[in-house]
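The values are calculated or read from the model by the stated rules, or taken from the named source; none is laboratory data. Predicted model, so just to flag it, every value in this text is computed and none were measured. Please note: Cβ atoms are built from the backbone with ideal geometry, for glycine as well, and neighbour counts cover all protein chains shown. We work out accessible area using only protein heavy atoms, side chains counted, and drop any ligands, DNA or RNA first. Shrake-Rupley method; radii C 1.70, N 1.55, O 1.52, S 1.80 Å.
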Amino acid sequence: MKRIIMMCGLLAFVATANWSCNCHRSATSTPSTEETYDNGYGNGFGNNSNADEEAAAREARCNARRMNNPDLAQANSDVDNDIATAESMARASGNSAAMEAVADAKAKAADAKKARANGQYCKAYDLFNEAYGMLADSYAGNAATYAEGSSNEDAQKAAADADVYADAAHKDGLGCAMAATRNARINAELARDAEINANKAAVAYNDPNYADFFANEALAMAEKAKCKAAKTDAKDASGKAYRGKLADSYAASAKSYAGSAKAFGVSNNADAQTAVEEAQARAAEAAEAARMGDVAAAYRAARAAQQAAERISRIATGDDSKPAADKPVASKPDSSKPVDRAQIQKYIDQINATVHYDFSSTEPKFDSKTDFVMHALCAAMKADSRIKVLITGHTDNVGSAKGNMSYGKKRAEALKQVMVKQGAPASSIATASRGAEEPVVDNDTEEHRQQNRRAVITLR
C-alpha cells in the first residue's frame, strides 16, 4: 500500500511539472486552444515579474484569441485575389501612389501568411489589417485619379466616398478593414465608370425623342405654374426637337422653366427668389449655348433651370422637404410621332453596359446617368405599345446551376419592376434567365464575376 501511495505522488509531481513546461512553451509558441492558455495565464504566469515572459504571455494570449478568428481565415484565403484586383485597377488608372500601396500590401500579406503558417496568429492578424488598409488607400488613389479634372458629380462623390472608406480601413479591426476596402473598391469603380457612362448618356440628350420628352416635362411644369408664356415656350421646344434643332429645343425648355419659376410668385421667400434668379441665369446660358450650337451645354443649362423651377414648385406647394430629382419624371410623349427603333436599341445598349448586381442580390445597380436613359426607354415604350423587350438575367458561377438559374430570373424580374414603375407597360416586358451559362468574361476574379452578374435587355 505504501508503495502505491508513493507511485501516485510521483505521478502527480510529473503531471504538475509537465503542466508547467507546457505553459512556458505556450509563451513562445501557439497554444492548442485559448481555454488551455487562459487557464495557465489565470494561474499566475501572467503576473511573472520577468518582463520578457510577461510579453511572451501576452503574445500567447493574443495568439489564442486570434487562432480561430474568422476574419483572419478569410483574409488568408482572399488576400491574393484582392491584391490582384487592386493591382489591375492601379495599373489601369496609372496612379503611381496606388501602385506603390498595392506593392506594400503585397509584401505585408506575404509576411502575414508566413506568420500565420508559423502559428503567430496575432502578428498575422495585424499584418493583414495593415495590408487591407493599404489596398483601401490604393483604391482611394485610383478614384481620385478618375475624378481628377472631371466635371461629373458622380465621379467626384465616388472619389470622396472612397477616401472616407480608406480612412476607415485604418481605424478598426481586420473585419472593418476588409469591408472598408471592398467599399473603397466599389467607389473607385464608380468613379472610373462615371465619366464613361456620362459620355454614353450623351447619346440620349442628342436624340430628338429625348429632347421632346424634356420639352413635355417643361410643359407639365408650366401647366402647374399656370403660366401661358411658359406653355408657349415648352411647345416651341417640342417643335424644335421634332425638327432636330436640339440646342434650340433645350434653350426653349430652359426659357419655359424660367418662366414657370417666376410665375409661382413666392416673393416673400428668399430661397425662392434665389431659385428664380438661378433659373433665369441658366436660361440665358442655354440661349447662348444654342447660339453656339453646343447641345451638351444647352442641355446642362436646361437641366439646371429645371431643378431651380422644381425647388420653387416645392416651396410654393409647401413640400420643400424633398430634394430635387436627379432625373426627369416620365410623362407621356406625343403618340402621333413614331419612335425610332434604332434609337431604342441605343438606349438598350447603354443600359446593358451598366446594369449589374452585387453578389447574392437581385437588386439592379446603376447610376443616375443610366437611370436617365432608362426613363427615356420607358417613356418610348409607354408611347408605342409595339416596342416589346425581353430581359434576361445572368449570374456568376458561384453556387449551383439550379440556384443560379433562379437568381437570374429574379434579377430579370427586379429590373422589369423598375421599368414598370418608370412607365413601361408590364405586358410589353418578358423575362428569362440563363444563370451562369453565358458569362461575358471568365469568372476568375471578383471583378470579372461582377461583370457576369447582369441583366440584358433585347428588343423582341
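So how exposed is T145, as accessible area in Å² (1.4 Å probe, rounded to 10)?
Around 40 Å² of this residue is reachable by solvent.
Taking the Cβ of G403 as the center, what net charge do the other residues with Cβ under 14 Å away carry, scoring Lys and Arg +1 and Asp and Glu -1?
With Lys, Arg at +1 and Asp, Glu at -1, the neighbours total +4.
What is the log10 of I(q)/I(0) for the range 345-460, computed with the Debye formula using one identical point scatterer on each Cα and no solvent, at q = 0.17 Å⁻¹?
With one equal scatterer per Cα and no solvent, log10 I(q)/I(0) is -0.75.
Filter the cross-link list K365/K410; K157/K421; K245/K388; K245/K382 down to pairs whose alpha-carbon distance in this structure exceeds 19 Å.
Numbers: K365/K410 14 Å; K157/K421 27 Å; K245/K388 29 Å; K245/K382 24 Å.
Among K365/K410; K157/K421; K245/K388; K245/K382, the Cα-Cα distance tops 19 Å for K157/K421; K245/K388; K245/K382.
Determine the equivalent ellipsoid of the range 60-182 by diagonalising the alpha-carbon gyration tensor, then write out the semi-axes as square roots of 5 times the eigenvalues, largest first, rounded to whole Å. Can you show the working numbers first?
Details: eigenvalues 172, 40, 17 Å².
Semi-axes, largest first: 29, 14, 9 Å.
Of the listed peptides 157-167, 414-424, what is their order by residue-averaged count of other C-beta atoms within 10 Å, with the highest listed first? Kindly include the intermediate steps, with their values, before the conclusion.
Numbers: 157-167: 20.5, 414-424: 18.9.
Going by the mean number of other Cβ atoms within 10 Å, highest first, we get 157-167, 414-424.
Output wanted: per-residue J couplings in Hz (rounded whole) for the range 113-125, from phi through Karplus 6.51 cos²θ - 1.76 cosθ + 1.60, θ = phi - 60°, x for Gly and Pro.
For the range 113-125, the Karplus curve yields 5, 5, 4, 5, 5, 8, x, 8, 5, 5, 4, 4, 4 Hz.
I'd like to know how the range 349-395 sits against the 2.2 N^0.38 Å rule of thumb: what's its Cα Rg over that expected value? Mind showing how you got there, number by number?
Working: Rg = 12.0 Å, N = 47, 2.2 N^0.38 = 9.5 Å.
After normalising by residue count via 2.2 N^0.38 Å, the value is 1.27.
Setting aside same-chain residues fewer than 8 positions from K226, which aspartates and glutamates have a Cα under 16 Å from its Cα?
E217, E310
Highest first, please rank the peptides 361-367, 174-180, 437-443 by the mean number of other Cβ atoms sitting within 10 Å of their residues. Before the final figure, lay out the partial values.
Values: 361-367: 18.0, 174-180: 21.3, 437-443: 13.4.
The densest-packed peptide leads the list: 174-180, 361-367, 437-443.
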